[in-house]
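Engineer: Got a structure for you, questions after.
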Amino acid sequence: MKDYEESIARLLGEWGPFQRLIYIVLSLNYVQHGYTSLSMVFVGDTPPHHCRVPSLNSSYGGLGYNLSIPTEELKGETILSRCRRYTEQEDFGSVYSNDTEGCVDGWVFSKDRYVSTIVTEWNLVCDDAWKAPFTLSVFFFGVLVGSFCSGILSDRYGRKIILITAKVLQVVLSFILAFSNSWEMFCVVYFGLAVMTTSSSGAIFVLGSEILIQSARESFGILGYGLGHATGYAILPLFAYFIRDRMLLQIGLSLVGFLYIPLFWFIPESPRWLITQGRLQEAEAIIRAAAKRNGITPPEEIFQQEESEHKPSSQDKYTWLDLLKTSNMRNITVVNIIIWISISLAYYGLSFNTSNLDGDPYLNCLISAATEFVAYAFVWFIAHYAPRRFVLPFTLLLGGALMLLIQLVPDGLSGLIITLAMMGRLVVTGAYAFVYVFYAELLPTVVRNMGLGVSSMAARIGSASAPHVAHIGTYNKTLPFILMGTISLFSGGLSLLLPETKGENLPELISHVKPLQCYCHKARSGDRNSLGGDVQLRNDDELTPTRGPEDAVVKF
């Protein structure tokens with residue numbers, strides 16, 4: 001349906017009341033994604049703790065603990081050991097030997113900041129300290145599964161039904177998560193919540209991309225998604241500040257999900273998807289309703305279906321292997337996978353490392369959320385004027401440099417460390433938003449959805465590793481920044497190889513994909529198509545006519 005977008009623009013306009021309503025409603029749905037994906041900043045935080053000594057008062061600290069527990073140094077500060085205590089000599093009452101043992105009677109956790117977290121509930125410290133960051137890895141493995149499944153299901157059953165189903169299950173699983181009575185149960189439910197969160201997010205993105213057109217679609221892809229996500233992120237520290245109990249915090253965040261139920265009535269199915277399914281009457285009804293909301297009288301007959309003489313063949317079907325079939329496509333795919341992993345690691349690593357920064361974690365998290373508003377607005381603005389090959393390398397290289405500068409700041413200047421961390425997060429967030437737009441322009445139409453899906457799944461390698469990188473910050477606060485900064489610099493340099501796409505038509509066929517900038521030789525006849533857009537080279541010696549997936553030609 002190559003004339004669909006042009007015809008819709010003529011009929012409905014580009015930015016009428018209908019488009020504004022869809023833009024706002026879909027953007028609001030991203031708010032829940034913001035606080036759900038980052039709630040572990042507080043829910044999974046580890047407060048100060050030390051071994052419990054039954055013969056002493058159970059309150060945190062106290063003079064007696066100085067005699068019964070050895071000390072250790074953490075971030076330049078001398079504290080009571082978190083995992084060892086002196087062995088009590090049975091024949092001498094409360095007299096302790098120089099020998100040490102583990103916390104056989106459990107731990108005492110400080111309640112200065114939290115009433116409870118999953119760490120304090122299930123003692124996820126010392127030998128079990130790996131479980132807290134692993135919980136986040138479980139979430140991101142769920143995100144990976146959701147990225148894979150949601151596209152397949154929405155292509156088969158429709159975007160709206162997947163969105164509503166995933167949203168409802170997201171609220172249900174959020175409540176179940178709050179009442180989890182073991183770490184194992186928490187992980188299983190958290191995995192399911194990640195699948196539903198990603199499925200709803202993917203359906204929202206596809207709906208916005210297919211209903212909105214031209215500049216409205218570009219704005220939605222950067223600002224709509226970004227500002228919605230940032231709003232959810234900003235809500236999180238406000239809830240967490242007033243609700244210090246893990247269970248009550250998750251119940252409070254779950255209740256927000258009920259506010260989305262009325263929004264379902266304003267979200268239509270994608271007319272593009274309905275047309276590909278041959279459901280022209282349903283698509284026409286949606287467009288007529290949109291025209292009415294925009295104050296436009298539609299023609300009596302919107303769609304005309306003509307029989308196509310072409311029958312789809314197996315050669316018209318594309319698979320994930322087509323992302324690696326030609327040298328140009330393979331190079332673009334591999335480079336982007338590396339870049340997506342790096343950006344995801346840096347973005348989530350900086351987010352989860354917030355609690356390791358000096359200062360108030362609630363204020364740090366709120367400032368971190370505020371940087372996202374600036375980042376999305378900034379990248380949306382410069383994307384209109386600067387070349388693509390400038391925007392992505394600039395944000396990654398600048399973000400990496402800012403993170404590496406942190407190791408040079410003296411420990412006493414905590415304010416400067418926080419400032420550099422937040423500035424680094426700002427530009428990395430901009431890169432995270434922009435890479436979706438850039439990669440969509442690099443990919444040909446015939447494999448664009450698959451390419452985005454593969455890159456999104458690859459990004460989960462970075463996000464699943466991020467909690468463990470942030471966990472290193474509990475022992476050495478500069479090492480996470482060194483790791484993330486180095487990786488950002490590497491990916492920023494790698495992004496310089498990508499070709500320019502600004503102001504150019506989207507590639508339609510695999511043969512239209514540009515080579516990396518380091519390849520200066522003339523494209524082989526098998527890599528470039530010089531015969532126009534009606535044929536595609538599927539191999540070195542065969543020309544195959546190409547058609548769209550539908551059997552009917554839709555006209556307005």
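The values are calculated or read from the model by the stated rules, or taken from the named source; none is laboratory data. Note that the structure is predicted; figures quoted are calculated from it, not measured. As a convention, Cβ positions derive from the backbone with ideal geometry for all residues, glycine included, and neighbour counts pool all protein chains shown. All accessible areas refer to the heavy atoms of the entire protein, side chains included, with ligands and DNA or RNA removed. Shrake-Rupley method; radii C 1.70, N 1.55, O 1.52, S 1.80 Å.
Engineer: On a 25 Å Cα-Cα criterion, which of the cross-link pairs K131/K160; K111/K167; K111/K477; K131/K167; K160/K292 come out too long?
Structural biologist: Pairs exceeding the cut-off: K131/K160; K111/K167; K131/K167.
Engineer: Determine how large the accessible area of T100 is when every protein chain is in place; take a 1.4 Å probe and give Å² rounded to the nearest 10.
Structural biologist: Surface open to solvent at T100 totals about 60 Å².
Engineer: Can you put R156, R82 in order of accessible area, largest first, using a 1.4 Å probe?
Structural biologist: Values: R156 165, R82 50 Å².
Of R156, R82, the descending order of accessible area is R156, R82.
Engineer: Please give the solvent-accessible surface of D322 in Å², to the nearest 10, using a probe radius of 1.4 Å with every protein chain present.
Structural biologist: That residue has around 0 Å² of solvent-accessible surface.
Engineer: Further question on the same structure: With all protein chains present and a 1.4 Å probe, how do K111, K325 order by accessible area, largest first?
Structural biologist: I get K111, K325, largest accessible area first.
Engineer: Can you give the accessible area of W130 in Å² (nearest 10), computed on protein heavy atoms with a 1.4 Å probe?
Structural biologist: 130 Å²
Engineer: I would also like to ask the following. For a protection proxy built on the mean count of beta-carbon atoms within 10 angstrom, sort 218-228, 378-388, 263-273 highest first, please.
Structural biologist: Ranked from most to least packed, the peptides come out as 218-228, 263-273, 378-388.
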